[in-house]
Amino acid sequence: MTDTPLPSSGTAPAAPPSAAGSGKPPGQTGATSGTDAQHRTTGEHQTTGEHRTTGEHQTTGERRTTGERRTTGKHQTAGERRTAGTAARARSWRDSPLRRATPWFFLAAPLALLITFTYVPVVSMITYSFTDWDGVSPDRAFTGVDNYVQIFTRPELFRVFFVSGYYLAASVLQIGVALYFATVLSFNLRFRNFFKGVLFFPYLINGVAIGFVFLYFFQDGGTLDSLLAWFGVTTEHAWLGDPTSANTSLAGVSVWRFTGLNFVLFLGAIQSVPGELYEAAQLDGAGKWQQFRHIIAPSIKPVLSLSVILAISGSLSVFEIPYIMTGGATGTSTFVIQTVKLAFQFNKTGLASAAAVVLLAIILLITWVQRRLVPDDKVDLV
């Protein structure tokens with residue numbers, strides 16, 4: 001056997017065992033090694049590219065996420081700024097003087113009319129009551145309380161308060177009649193709507209027209225005498241000839257005219273009472289009078305108080321009907337008729353102003369006393 005010489009240091013290294021032991025030719029082995037190297041290099045490049053691509057995607061996603069977060073933060077900041085700005089503007093509007101003055105802008109016109117046509121004339125009337133002004137002359141002399149002294153000391157001036165007593169008594173009758181019909185017609189009756197219209201219709205007629213109608217009704221040989229003649233009653237009495245019968249007739253006309261107003265007020269108050277109270281009262285065996293006493297009367301107490309105030313003030317300020325029918329003659333002159341005559345017939349505006357102030361003071365005093373005696377307490381029927 002020939003010994004195989006050992007390779008020297010300058011010779012090429014031996015082939016790898018895989019190539020030597022593969023049984024392939026040396027050329028094929030080298031080609032295979034080159035192919036493997038290419039595959040390895042390609043794999044390395046692919047892996048590196050994938051990693052780079054993944055890194056780029058991650059970096060892009062992170063950048064997008066970061067940008068979205070930054071954008072969201074910016075939007076939130078802008079919204080907060082808008083909200084803060086709106087709140088600041090609202091606070092500034094609430095605190096601005098223009099907002100405080102806005103209600104007065106709406107009240108300016110009504111207040112101007114009220115002051116011009118109500119309070120200024122009242123102040124002027126009070127001022128005139130302390131003078132002797134005749135209503136025409138520009139000169140006015142201050143007289144103090146002399147006009148008020150004349151009203152309460154001169155019989156012809158103070159007598160008109162007794163005439164108001166006829167109308168005050170008629171007002172009591174008027175309230176009673178209106179309350180009776182309002183109570184009856186509040187229940188379920190036939191033709192109740194017809195009777196409601198009949199009772200309220202006189203209040204819709206003009207007072208001057210009513211005065212002329214009843215002037216012919218009460219005159220001698222007029223409608224009233226004709227009606228009495230049909231029943232065999234003949235009379236030559238002048239219904240408007242003496243103070244007693246004239247004031248009684250005029251007060252009766254006022255009752256006929258203003259009963260409808262009180263009737264509507266009472267009817268509205270009665271109908272506002274819950275129907276369950278009437279049903280419960282009927283189940284308990286309560287009659288109509290007991291229902292009126294314990295249910296209707298307490299419920300209409302405020303309206304009844306208002307009717308009393310209107311009756312007193314109305315009896316003191318009657319004007320239309322007696323002025324049209326008698327002109328204040330035959331002892332039928334009322335307080336208002338006398339005041340008008342003093343101012344425009346006798347040119348005593350100062351004295352007439354004092355009379356008007358006295359009338360206003362009496363009405364306010366009576367109203368205050370009535371409100372103190374009968375306060376408007378809340379009615380609880382349940």
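The values are calculated or read from the model by the stated rules, or taken from the named source; none is laboratory data. Computed from a predicted structure; not experimentally measured. Here the Cβ is made from the backbone with ideal geometry for all residues, glycine too, and neighbour counts use every protein chain on show.
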Quiz item: Is it fair to say residue 208 is at pLDDT below 90, of a type in the set (Val, Ile, Thr) and within 25 Å of residue 343 (Cβ to Cβ)?
Solution: no
Exercise. Output the helices (runs of 4 or more DSSP H) that fall wholly within region 103-181 and possess 3 or more residues being over 36 Å from the mean Cα position of the chain (by Cα) and exposed (fewer than 11 other Cβ atoms within 10 Å of the Cβ), or say none.
Key: none
Quiz item: Is there a residue being within 50 Å of the chain's Cα centre (by Cα), part of a loop (DSSP other than H, G, I, E, B) and farther than 16 Å from residue 315 by Cα anywhere in region 245-252?
Solution: no
Self-check item: Condition check for residue 214: touching a residue at least 12 places away in the same chain (Cβ under 8 Å), surrounded by 16 or more Cβ atoms within 10 Å (Cβ to Cβ) and either part of a helix (DSSP H, G or I) or not acidic (Asp, Glu) (or both)
Solution: yes
Practice problem: Read through the list (1) surrounded by fewer than 16 Cβ atoms within 10 Å (Cβ to Cβ); (2) without any contact (Cβ under 8 Å) to a residue 60 or more places away in the chain, then give the number of the only condition that residue 286 fails. | Solution: (1)
